Amino acid sequence: MAYPDDLLSTGEHVVIHQHPHWKTLVVPVLVLVVAVGGGGYLAVRAADLSWASVAWAVLAAVVLVLVVWLTLAPVIRWRTTHFIVTSERVMYRIGVFKRTGLDIPLGRIDSVRFEHSLADRLLGCGTLIIESASDEPLEFDDIGRVEKVHSMLYREINDNPADDHRPEDRVADGRA
């Protein structure tokens, strides 16, 4: 999904637009499976009780609250979180009801680095750290393909056409 063009300045174009890595959705999906499975199991066990209809109503309410709070809310938060690199700035948008935004002009960025653990490397994500004129570095967690994002952001900052990646420059074994 492209970032809305009407939010960009004249001549600005989107280079990267990402949501957080899918690993942030693992726990919410597990909660969904456990809540629905556990609720179904308890509903079957409560079927022989004289007050089964009350037990089912309570179980349905508890499962619904768990699913909305621990599954639906994180999925919506994931979907409404955007990490965007344009030709002029880095933008970060998060939130549903209370929307928060951060813009860093590329000219104000001093350095860009990334970190990722072994698990992050296996999953293809990591933390992007941007140092700018602010007091402390800004860390963006769970950025997919963080090394590629790091390289592309570095190229945009330097704005050197000779640095641009060209697929025809790749050798037969896939290295650049």
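Structure notes:
- Every residue from segment 105-114 that is touching a residue at least 24 places away in the same chain (Cβ under 8 Å) and part of a strand (DSSP E or B): I109, V112, R113, F114
- Scanning segment 77-94 for residues that are touching a Lys or Arg at 6+ places or on another chain (Cβ under 8 Å) and either under 15 Å from D141 (Cβ atoms) or without any contact (Cβ under 8 Å) to a residue 24 or more places away in the chain (or both) gives T80, T81, H82, R93, I94.
- Of L102, L30, L70, all but one fail to be open to solvent by 50 Å² or more (accessible area, probe 1.4 Å), without any contact (Cβ under 8 Å) to a residue 40 or more places away in the chain and in a helix (DSSP H, G or I); the exception is L30.
- Unique match (being modelled with pLDDT under 95 and in contact with a strand residue (DSSP E or B) (Cβ under 9 Å, 6 or more places away or on another chain)) among V85, V44: V85
- Applying the condition of being free of Cβ contacts under 8 Å to residues at least 60 places away in the same chain and among the hydrophobic types (A, V, I, L, M, F, W, C) to segment 115-131 and asking which residue is surrounded by the fewest Cβ atoms within 10 Å (Cβ to Cβ) yields L118.
- Within segment 115-152, the set of residues being assigned to a strand (DSSP E or B) and either of a type in the set (K, R) or within 15 Å of V85 (Cβ to Cβ) (or both) comprises L128, I129, I130, S132, L138, F140, I143, G144.
- Within segment 34-57, being surrounded by 11 or more Cβ atoms within 10 Å (Cβ to Cβ) and not in a helix (DSSP H, G or I) holds for one residue alone: L49.
- Of all the residues in segment 1-14, those that are modelled with pLDDT of 75 or more and open to solvent by 40 Å² or more (accessible area, probe 1.4 Å) number 6.
- When we screen S111, S134 for residues that are closer than 12 Å to L153 by Cβ, surrounded by fewer than 18 Cβ atoms within 10 Å (Cβ to Cβ) and out of contact with any helix residue (DSSP H, G or I) (no Cβ under 8 Å at 6 or more places or on another chain), the only hit is S111.
- Taking segment 76-99 as the range and being surrounded by 15 or more Cβ atoms within 10 Å (Cβ to Cβ) and farther than 16 Å from E131 by Cβ as the test, the residues that pass are R77, W78, T81, H82, F83, I84, T86, E88, M91, R93, I94.
The values are calculated or read from the model by the stated rules, or taken from the named source; none is laboratory data. Here the structure is a predicted model, which means the values were calculated and not measured. Every residue, glycine among them, receives a Cβ derived from its backbone with ideal geometry; neighbour counts consider all protein chains shown. Only protein heavy atoms, including side chains, enter the accessible area calculation; ligands, DNA and RNA are left aside. Shrake-Rupley method; radii C 1.70, N 1.55, O 1.52, S 1.80 Å.
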